[in-house]
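Novice: Pasting a structure here, questions to come.
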Amino acid sequence: MNFTVSLLTFIVAATLSATTTFAQRSDRDERGQEELTVGHPMNPSFAGNGGRASRGSAPTAGSTSAILPPITYHGGQVMTTPTVYLIWYGNWAQTNGTDNAIGQTIVRDFLYGVSNSGHFKINTSYGAPTGLVNVGPESTDNYSLGPTLSDANVRTIVSNTIYDGKLPRDSNGIYFVLTSSDVAESSGFCTKYCGWHTAGRIAGSTLKYSFIGNSARCLSGCAAQAIGPNGNAGIDGMLSVLAHELEETVSDPLPTSGWADSKGGENADKCAWTFGSNSQTAPNGAFYNMTLPAKSQPTRNYLIQRNLDANSVCYVDYITKTQ
């Protein structure tokens, strides 16, 4: 990936192949009128399997070590213990089996369990990160900008939520805009990317935020399997993307001034859509590679993309060195 970073420009890192290139576009927030430049990867082979598992086959394991250039530190900010804020955009009270209260609970359970987990402690190899994640308050947005969003709209959703007092302004926070499956992102959700993260000036502070769409909108492109270990393929696929963007934001919150390779690939980019060789089969036939404590029940299973440590090795669980 090719990035151009300046004092006013922070370029998106997206959940796709680290060999992808970026197209640039300038956006303005209609409240703060502060400039932000963002981009997304262009990947013609994105639609279809692209390393995902077909029904009944195991997900792509990947090699035991990264094959791209080593990841290095560029002297910029990393996040020690981020606070995650969720913005539920669209309709999360549907009867479609995915955009519902149970789906939201699965997301909350994952964030509860991933903090201090072996998987998230992969990021401790980058120096300051503690391996801990704080979970802040949430907010809802019932289609304030309609069912089709632009990149600028995503930023405006974050901005409006803060200006309206629904969420605090937190420079140590990561604001995740989670959209229901009936919401489109016009710059390429489901055709060019599954999620992205960036940073920009909002309400007088440099804030980190991310777009994550419900994978049920395009399971063949944004999920590793057609069923999920928690019985909600859209949410299960969504969590793999959320984990990817969370890891990248912590290690490289202002892309690419933190940890990145010589082509701009961030840690999770280099292991994207690979899941290790130790996947298990859930009772419903779905594959999973991670079991974490949950808030609503003792544990939950997840299928999560691997992450890269600072020695350029892809892992699922850094503590047990599961490759």
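Novice: Can you name every residue in the stretch 256-305 that is under 20 Å from residue 69 (Cα atoms), part of a strand (DSSP E or B) and of a type outside the set (A, V, I, L, M)?
Specialist: 259
Novice: So how many residues does the stretch 90-125 have that are crowded, with 21+ Cβ neighbours inside 10 Å, within 22 Å of residue 170 (Cα to Cα) and more than 16 Å from the chain's Cα centre (by Cα)?
Specialist: Qualifying residue count, the stretch 90-125: 0.
Novice: Could you grab me the full set of residues in the stretch 233-255 that are surrounded by fewer than 24 Cβ atoms within 10 Å (Cβ to Cβ) and not small (Gly, Ala, Ser)?
Specialist: Of everything in the stretch 233-255, just one residue is surrounded by fewer than 24 Cβ atoms within 10 Å (Cβ to Cβ) and not small (Gly, Ala, Ser), namely 254.
Novice: What is the residue count in the stretch 208-222 for residues that are farther than 15 Å from residue 187 by Cβ, among the polar types (S, T, N, Q) and not in a helix (DSSP H, G or I)?
Specialist: The qualifying residues number 1.
Novice: Just to be sure before I move on: is residue 269 under 17 Å from the mean Cα position of the chain (by Cα), of a type in the set (Asp, Glu), at pLDDT below 95 and crowded, with 24+ Cβ neighbours inside 10 Å in the structure I sent?
Specialist: Judged against the criteria, residue 269 is a match.
Novice: Within the stretch 170-207, track down each residue that is on the phi < 0 side of the Ramachandran plot and outside any strand (DSSP E or B).
Specialist: Result: 170, 171, 172, 180, 181, 182, 183, 186, 187, 191, 192, 194.
Novice: Here's a follow-up. Filter the stretch 65-119 for residues that are among the small types (Gly, Ala, Ser), assigned to a loop (DSSP other than H, G, I, E, B) and closer than 22 Å to residue 166 by Cβ and give the result.
Specialist: Matches in the stretch 65-119: 90, 93.
Novice: Ok, one more. Only one of these is among the β-branched types (Val, Ile, Thr) and under 13 Å from residue 122 (Cα atoms): 316, 241. Name it.
Specialist: 316
Novice: Filter the stretch 166-215 down to the residues that are over 18 Å from residue 141 (Cβ atoms), surrounded by fewer than 21 Cβ atoms within 10 Å (Cβ to Cβ), among the hydroxyl-bearing types (Ser, Thr, Tyr) and in contact with a strand residue (DSSP E or B) (Cβ under 7 Å, 6 or more places away or on another chain) and list them by number.
Specialist: Selection gives 171, 206.
Novice: Still on this structure, please answer the following. Does residue 144 meet the test of being surrounded by fewer than 16 Cβ atoms within 10 Å (Cβ to Cβ) and in contact with a Cys (Cβ under 9 Å, 6 or more places away or on another chain)?
Specialist: Considered against the rule, which asks whether it is surrounded by fewer than 16 Cβ atoms within 10 Å (Cβ to Cβ) and in contact with a Cys (Cβ under 9 Å, 6 or more places away or on another chain), residue 144 comes out as no.
Novice: Checking the structure you have, find out if any residue of the stretch 276-292 is on the phi > 0 side of the Ramachandran plot and not small (Gly, Ala, Ser).
Specialist: No, because not a single residue in the stretch 276-292 is on the phi > 0 side of the Ramachandran plot and not small (Gly, Ala, Ser).
Novice: For the stretch 36-50, state whether one or more residues are modelled with pLDDT of 95 or more and within 30 Å of residue 204 (Cα to Cα).
Specialist: no
Novice: Follow-up. Determine the pairs where a residue that is under 22 Å from residue 93 (Cβ atoms), located within the stretch 125-149, has a partner that is among the basic types (Lys, Arg) with Cβ atoms under 8 Å apart, the partner being 6 or more residues away or on another chain.
Specialist: 135/108; 139/166
Novice: Identify the residue in the stretch 120-152 that is modelled with pLDDT under 95 and assigned to a loop (DSSP other than H, G, I, E, B) and, among all such residues, is nearest to residue 242 (Cα to Cα).
Specialist: This residue is 131.
The values are calculated or read from the model by the stated rules, or taken from the named source; none is laboratory data. All values reported here derive from a predicted model rather than from experimental measurement. Please note: Cβ atoms are built from the backbone with ideal geometry, for glycine as well, and neighbour counts cover all protein chains shown.
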